[in-house]
Amino acid sequence: MEGVILLTGIETKRCWDCGRTLPVGEFCGNRSMKDGLQTQCKACQKKYREDNRNRILLYQREYYEQHLELRHRQSKRYFNTLLGRLARVYGHINQRCNNPNTHNYYRYGGRGIKNKFMLDEFREYVISDLGITHIDQIEGLEIDRIDNDGDYEPGNIRFIIPKENMNNRGSNS
Ligand SMILES: [Zn+2]
C-alpha cells in the first residue's frame, strides 16, 4: 500500500458502510484514524462521492432555477412600481448623457446635455412637482426636455407621448 502508514499491522478491515471485511489495500489512508485507514472502503467512498456530487448538482440546478425565477419576478414587480419605473427612466437618462456607447449619445451627452438630478431628487421632483403619484400616469410616456437644448433639471422635464417627443426634437434642432 502506497503512502499509507499502518499503525496496527492489521491485514483486513471491516468497512463501516457496506460491512464487508476487506484487505487493508481496499481502504484509503487517513492519518487521523487510529489504524491509519478510512472507515469506508474505497468502493463505498467512491459511491458516496458520486451520490453526493449528483445531489449537489441537482440542488445547485434547482436552486439556480428558483433563484432566476425569483429575481425575474422581483425585477418585473419593481419596474411595475412608480419608484422602480422612475429608476429605470433615470438610468436611461444617465446612459444618454454619460455613456458615449449609447446609440443616441450624440443627441444628448455628445452635445453637452447633462443630467443634473440625483436619483432621489429626480423621483422627488417627478412625484411632488409633476404630481405623478402612480405609474399609470406615465405608462407609455417618455421623459422629455421642454427646452431641447437644456439639461435634465428641475423646470425642464416633463412626460409626453413618444410621437410628440419625436416631432418636438425635429422642430427644435
Ligand atoms: Zn464499503
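Just so it is clear, none of the values below were taken in a lab; they were calculated from the coordinates. What you see is a predicted model; the values in this text were computed from it and never measured. Backbone-built Cβ (ideal geometry, glycine too); neighbour counts: all protein chains shown.
Taking the Cα of Met118, stepping 7 Å toward and past its beta carbon, and measuring to each backbone N in the range 143-158: which are under 19 Å?
152-155
Looking only at the range 89-125, which residues have a backbone nitrogen under 13 Å from a spot 7 Å from the Cα of Leu83 in the C-beta direction?
Answer for the range 89-125: 120-121, 123-124.
For Tyr106 and Asp147, calculate 0.36 nm times their separation in residues minus their Cα-Cα distance, and state this gained length in nm to one decimal. Please list the in-between numbers first.
Values: separation 41, 0.36 × 41 = 14.76 nm, distance 1.70 nm.
So the extension gain works out to 13.1 nm.
Considering only Thr12, Thr102, Thr81, give the residue with the highest GNM mean-square fluctuation for the chain, with springs between Cα atoms whenever their separation is below 10 Å.
With Cα springs under 10 Å in the chain, the top fluctuation among Thr12, Thr102, Thr81 is at Thr12.
Taking N as the number of residues in the chain, what value does Rg over Cα atoms divided by 2.2 N^0.38 Å take? Could you put the intermediate results ahead of the total?
On the way: Rg = 33.2 Å, N = 173, 2.2 N^0.38 = 15.6 Å.
With N residues counted in the chain, Rg over 2.2 N^0.38 Å equals 2.13.
In the chain, which helices (entire DSSP H runs) extend 20 Å or more along their own long axis, judged by Cα positions, while averaging at least 0.0 on the Kyte-Doolittle scale? Show your work: numbers first, answer last.
Values: long enough: 42-79 (54 Å, -1.91); 82-98 (23 Å, -0.29).
None pass (Cα extent of 20 Å or more, hydropathy at least 0.0).
Excluding Ala43 itself, what net charge comes from residues whose Cβ is under 10 Å from its Cβ, given Lys and Arg +1 and Asp and Glu -1? Provide the component values of the computation, followed by the final result.
On the way: positive: Arg20, Lys42, Lys46, Lys47; negative: Asp17, Glu26.
Once all neighbours under 10 Å are counted, the net charge is +2.
Is there a quick way to get the dipole size of the chain? I mean about its Cα centre, with the Cβ of Lys and Arg at +1 and of Asp and Glu at -1; what is the value in debye to the nearest 20?
On the way: 28 positive and 23 negative charges, 160 e Å.
In total the dipole reaches around 760 debye.
Excluding same-chain pairs closer than 8 in sequence, count the lysine pairs in the chain whose Cα atoms lie under 22 Å apart. Kindly include the intermediate steps, with their values, before the conclusion.
Working: Lys13/Lys34; Lys13/Lys42; Lys13/Lys46; Lys13/Lys47; Lys34/Lys42; Lys34/Lys46.
Within the chain, the lysine pair count is 6.
Hey, if you put +1 on the Cβ of every Lys and Arg and -1 on every Asp and Glu Cβ in the chain, which of Thr21, Ile127, Gln66 ends up farthest toward the positive end of that dipole?
Thr21
Would you please classify the overall shape of the range 12-51 from the alpha carbon gyration tensor, given that a ≥ b ≥ c denote the square roots of the eigenvalues, rounded means a/c under 1.5, and beyond that prolate means a/b larger than b/c while oblate covers the rest?
It comes out oblate by the Cα gyration axes.
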